[in-house]
Amino acid sequence: MKTIPKMSWMVVLVSFAFTFSIGPWGPTPVMAFATPKALFDVNKMGDMSDFDPNNPAIIPTGDTIKIAIVASFSGPAALVGQIYWISALWAAHDINKRGGLLVDGKKKLIQVIKADHMSQPAQTKKICERMVLQEKVHVLWGTDGSNLMKIINETASKYKVISQNTAALSDELNDATNFSRYSFFTSFSTDQIGRGIAYYYAQIRKKEKKFYILCQDYMFGHAMADGFKKGLKQYFPEGQIVGEDYHKLFLTDFAPYLTKIKASGAEVVYTGDWIPDAANLLKQARQMGITLPFAHIFLDEPNFLHEVGVEGTKGLVQLSQYGTENPVFKTPEQIKYYKTWNNLWKTKWTAPFNTRLFEHGTGNIGSYTEQTYWLLSVIERAGSTDPEKIIKVWEGDVYKYNNGKIMKMRACDHKAIQDLHIFEFVPPDQQKVSFNIPPYYWFQGTSNTGPTFTIPAEKVLPLMDKNLDRCKGKNDWGE
C-alpha cells in the first residue's frame, strides 16, 4: 500500500465506490505505469455455489444487459467455444448473484448468449447481424480467429454496438484501416507476443539463438511470425531464423514440417498454433523424436499435455497474458477465488467441463474471465448500456485483475497496455515455486508452470499505427 500516494487513494476511493470496483489492494506491487481506477474485489463476489456451465442457475430474460459470445461452438474448434463460454458465464453469474448492475436508471442482470460462428466467415457475419438485429445485444464478445474478429468489429461498427476482442491477436484489427471506436482490444497482440518472447531469449535466458517459425497460414499466423522477427531485430539481432513455414488450419499431419525442423539445426520452435493444431503439433513432434523446446502461447491444454507426459513437456516456454510474479497465490482473496472455482470443478461440473482443462480456472481461462469482469466494470461505471458512455469510460481506463495484473486501455487506438509473463514448464516436483498451496503442483502427469519472468510493459507496448489520426503526435504510451 505504500506504493500508492495518499492523494491517489483518496481519488480512487471517492470516485469509484462501485459494487466490485473497490476492495483490498493486497501486497502485490502496483505497476509504475498506471494507478487502477477500478478492480475486481473477491470479497464482494456473489454466491457461486450453484454455478454450473452446463446448467446455468440464472437464465435472465427481458430487459437485460445482453452479451453475445461469438465463438466456435461447433466444428473442429468447438473446445475453444467451451473455454470462452465458461469464462464469460462465470463473470455474468457472479454479477447476477450480486443483483446485477445499475444502468440506465435500473438494476439489470447480465444475459450471455451463445453465437456460433462455426469458424466460418460467412456464418460469422450472419450470426453477428442476428445477434444485433434480433437479439438486440449490447456487446459482441469474441473470438478465435483474427479474420473472424475483423467481421465482428465491422458489424459492431455498422450497428453502433460495443465489441470486445478478448482472444483475436492480430494488430491489424486496430490499425488505421480497421480501427473502430466501438471495438476494444483487451487481449495481448501478436506484436507484443513476438517482442516479449524475443526479449526473454535475448535478455533473460541468454542461451538459444537458432529459431524455427511454424505458424498457421492465415492473418494471425503471419502476424505472429512478423512480431517475433521484429522482436529479434529489436532485442536479439544475433538470433537467427533457420526456417519459416505456415500450415493450413486444422492440419492432421505435421510430418513434412517437422522433418524440415529436424534438419534445420533449430534450437527452439516458435509457434502461435492453437488447439486442435497445437495438440497435434506437439504430440507428433515428440513421436518423431524432436525434443526441442517450443516457444508458444497456446500449447498449454492439460489433457493433451498429459498425453505427451512430463518429459515431453519439460522445457516448453509460454508467454502468458494472465501471469504474475511467483508465487501465484499472494493473498487470502486469491486463494479464496481459486478454491471457489476448483471446488466446483471437483464436485459439481460434468462433461465437458470436468476435464483437466477446467481444473484451475487460470491461464487463458483466467484471462478471458477477467477481461469480461473488466467489461462489466466499465458498463457499471458508465451507468449505461449506451455505447457512447461506455466508450468514454473505457478510453484511458485502468483496471486491476484479481491476480494483481494491471490493464490500461490506450485511448487513441483501444489497445491494452500490460506487463506480460514467461512461464517455463518444469516437472511436478519443481512447480511449487509457482503453485504455492497444497498440493504444490499444477499437475502430476505433465510439466507445467514453474519459474516465471516478467516482461515489463514498456518492453512490449502495443503496436501503434501512427497513420491513425487519433494517434498522431502521441508516443507509444498514447500520451
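Taken together, the values in this text are just the output of simple stated rules run on the coordinates, not laboratory data. This is a predicted model, so every value here is computed, not measured. Here Cβ is always computed from backbone atoms with ideal geometry, including for glycine, and neighbour counts include all displayed protein chains.
Return one number: the angle in degrees, 0 to 90 and rounded to the nearest 10, between the long axis of the Cα atoms of helix 302-313 and the longest principal axis of the Cα atoms of the chain.
That helix lies at roughly 40 degrees to the long axis.
Take the alpha-carbon centre of the stretch 293-332, take the same for the stretch 443-479, and report the distance between them in whole Å.
Using only Cα atoms to place each centre, the spacing works out to 19 Å.
Could you put Met149, Met407 in order, starting from the residue whose Cβ has the fewest other Cβ atoms within 10 Å?
By the 10 Å Cβ count, ascending, the order reads Met407, Met149.
Taking a ≥ b ≥ c as the square roots of the eigenvalues of the Cα gyration tensor of the stretch 159-258, is the shape rounded (a/c under 1.5), prolate (a/b larger than b/c) or oblate?
Note, shape of the stretch 159-258 comes out oblate.
State whether the chain is rounded, prolate or oblate according to the following rule on the C-alpha gyration tensor (a ≥ b ≥ c being the square roots of its eigenvalues): a/c under 1.5 gives rounded; otherwise a/b larger than b/c gives prolate, and the remaining case gives oblate.
Numbers: a/c = 1.37, a/b = 1.32, b/c = 1.03.
Here the chain falls in the rounded category.
Quick one: which of 439-451, 47-59 comes out on top by average Cβ neighbours within 10 Å, and what's the full order, highest first?
Peptide ranking by packing, descending: 439-451, 47-59.
Just how large is the dipole of the stretch 373-456 about the Cα centre, in debye to the nearest 20, putting +1 at every Lys and Arg Cβ and -1 at every Asp and Glu Cβ?
Roughly 140 debye, rounded to the nearest 20.
What ranking, highest mean first, results for peptides 218-229, 114-125 when packing means the other Cβ atoms within 10 Å averaged over each residue?
Output ranking for 218-229, 114-125: 218-229, 114-125.
Contact order normalised by length for the chain, with contacts defined as Cα pairs under 8 Å and 6 or more residues apart; what percent is it?
Once normalised by length, the contact order is 16 percent.
List the Cys residues of the chain that have no partner Cys with a C-beta closer than 4.7 Å.
Cys128, Cys215
Among the aspartates and glutamates, select those whose C-alpha is under 18 Å from the C-alpha of Lys44, and discard any that sit fewer than 8 residues away in the same chain.
Reachable aspartates and glutamates: Asp94, Glu333, Glu370, Glu380.
Positive end of the dipole of the chain, charges at C-beta (+1 Lys, Arg; -1 Asp, Glu), about the Cα centre: which of Pro352, Gln82, Trp394 has its Cα farthest in that direction?
Towards the positive end, the residue furthest out is Trp394.
Classify the stretch 289-408: rounded, prolate or oblate, from the alpha-carbon gyration tensor (a ≥ b ≥ c, eigenvalue square roots; a/c under 1.5 rounded; otherwise prolate if a/b is larger than b/c)?
The shape class here is prolate.
Based on the mean of other Cβ atoms within 10 Å per residue, sort peptides 72-79, 295-302 so the most packed one is first.
Per-residue mean Cβ counts within 10 Å order the peptides as 295-302, 72-79.
Pick out, from Ala202, Leu316, Gly265, the residue whose Cα sits farthest towards the positive end of the charge dipole of the chain, with +1 on the Cβ of Lys and Arg and -1 on the Cβ of Asp and Glu.
Ala202
For a footprinting-style exposure proxy, rank Arg470, Arg195 by other Cβ within 10 Å, fewest first.
Going from least to most buried by this count: Arg470, Arg195.
Could you let me know the centre-to-centre spacing of the stretch 203-258 and the stretch 103-168, using Cα atoms, in angstrom?
31
Nearest 10 degrees, 0 to 90: what angle lies between the long axis of helix 121-133 and the longest principal axis of the chain (Cα atoms)?
Its long axis makes an angle of about 10 degrees.
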